[in-house]
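**Q** Mind looking over this structure? Questions follow.
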Amino acid sequence: MGEIYLFTGPGGGKTTNALGLALRSIGHDHKVIIIQFLKWWKQTGEYKVQDKLTPFYEIHQFGRKGWIGLENLTDDDRKLAREAMEFTEKAVEEKNPNLLVLDELNLAAHCNLVPMDDIIAWLQRLKQRKDMTIAITGRHAPERLLEISDYVNIIEVKKIPKEFGTTKGIQW
């Protein structure tokens, strides 16, 4: 443990991969904390399941309600990203999770919501906990996040239906 797994790329399933790690961890009575950057919608399966998986699982969202699209980022988004980082450090210190999922951190970093030097220093502090694994998700992972990660998985699209829709319980 004490390693960083990074899931990125244009294909679907980055968060789902991290949730698979979470499910495995919980199966071993490990504590999982999920921090979602840029997400606010509480109708997703990973958000709705938290009551069923207590005390091993918790999820916290740091996204502006109604946010859609990278062209609409504001100072509120930058503030929420900082709050997510501060909250994470406190939660890790107080709750000592075995797995920390930083969902959409790649995208938040790509959008420069927090300077990359600050993100790298923050991750290096978190990584010092040898009893905690970190999973990072999101498209557009910056090169520096790829470099500090121990495992990097690029999710690509090989095939997708022409009339693609989302399915409750599968994509959300």
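**Q** Taking the range 141-170 as the search range and keeping residues that are modelled with pLDDT of 95 or more and part of a loop (DSSP other than H, G, I, E, B), which one is surrounded by the most Cβ atoms within 10 Å (Cβ to Cβ)?
**A** Per the criteria, the residue is ALA141.
**Q** Something else now. Taking the range 23-41, which residues are assigned to a loop (DSSP other than H, G, I, E, B) and more than 15 Å from the chain's Cα centre (by Cα)? Spell out how you get there, then give the answer.
**A** Of the residues in the range 23-41, the ones assigned to a loop (DSSP other than H, G, I, E, B) are 28-31, 38-41.
Once the filter is applied, which keeps residues that are assigned to a loop (DSSP other than H, G, I, E, B) and more than 15 Å from the chain's Cα centre (by Cα), the range 23-41 yields HIS28, ASP29, HIS30, LYS31.
**Q** How many residues does the range 120-137 contain that are crowded, with 23+ Cβ neighbours inside 10 Å and more than 23 Å from LYS31 (Cα to Cα)? Break it down into steps so the answer makes sense when it comes.
**A** As a first pass, look at the range 120-137 and keep what is crowded, with 23+ Cβ neighbours inside 10 Å: 133-137.
The next check asks that each one be more than 23 Å from LYS31 (Cα to Cα); those that pass are none.
Residues flagged as crowded, with 23+ Cβ neighbours inside 10 Å and more than 23 Å from LYS31 (Cα to Cα) within the range 120-137 amount to 0.
**Q** Could you grab the pairs with beta carbons closer than 8 Å, sequence gap of 6+ or different chains, first residue in the range 1-16 and over 18 Å from LEU123 (Cβ atoms), second one in a strand (DSSP E or B) and modelled with pLDDT of 95 or more?
**A** If the second residue must be in a strand (DSSP E or B) and modelled with pLDDT of 95 or more, the pairs left are GLY9/ASN153; GLY9/ILE154; GLY13/PHE7; THR15/PHE7; THR15/ASP103; THR15/THR137.
**Q** Give me a count of the residues in the range 48-79 that are surrounded by 17 or more Cβ atoms within 10 Å (Cβ to Cβ) and part of a helix (DSSP H, G or I).
**A** Here the count works out to 1.
**Q** Write out, first by first residue and then by second, each pair whose Cβ atoms fall under 7 Å of each other, whose residues are 6+ apart or on separate chains, and whose first residue, in the range 104-119, is under 18 Å from ILE34 (Cβ atoms) and charged (D, E, K, R) while the second is at pLDDT 95 or above and crowded, with 18+ Cβ neighbours inside 10 Å.
**A** Every condition considered, the pairs that remain are GLU104/GLN36; GLU104/PHE37; GLU104/LEU38; GLU104/LYS39; GLU104/THR137; GLU104/GLY138.
**Q** Consider only pairs whose beta carbons are under 6 Å apart and that are at least six residues apart or on different chains; among these, list those whose first residue lies in the range 80-99 and is part of a loop (DSSP other than H, G, I, E, B) and at pLDDT below 95 and whose second residue is among the polar types (S, T, N, Q) and crowded, with 22+ Cβ neighbours inside 10 Å.
**A** Once the first residue is part of a loop (DSSP other than H, G, I, E, B) and at pLDDT below 95 and sits in the range 80-99, no partner that is among the polar types (S, T, N, Q) and crowded, with 22+ Cβ neighbours inside 10 Å comes close enough.
**Q** Same structure again: Working only within the range 24-73, note down all residues that are among the aliphatic types (A, V, I, L, M) and more than 16 Å from MET132 (Cα to Cα).
**A** Listed by number, the residues that qualify are LEU38, VAL49, LEU53, ILE59, ILE68, LEU70, LEU73.
**Q** Between residues in the range 132-144 that are within 11 Å of ASN98 (Cα to Cα) and in contact (Cβ under 8 Å) with a residue 24 or more places away in the chain and residues that are hydroxyl-bearing (Ser, Thr, Tyr) and crowded, with 20+ Cβ neighbours inside 10 Å, which pairs lie under 9 Å by C-beta distance while being six or more apart or on different chains?
**A** Taking only residues 6 or more apart or on different chains, the pairs are THR133/SER25; ILE134/SER149.
The values are calculated or read from the model by the stated rules, or taken from the named source; none is laboratory data. From a predicted model like this one, the values you see are computed outputs, not experimental measurements. Quick reminder, even Gly has a Cβ in these numbers, built from the backbone with ideal geometry, and neighbours come from all protein chains shown.
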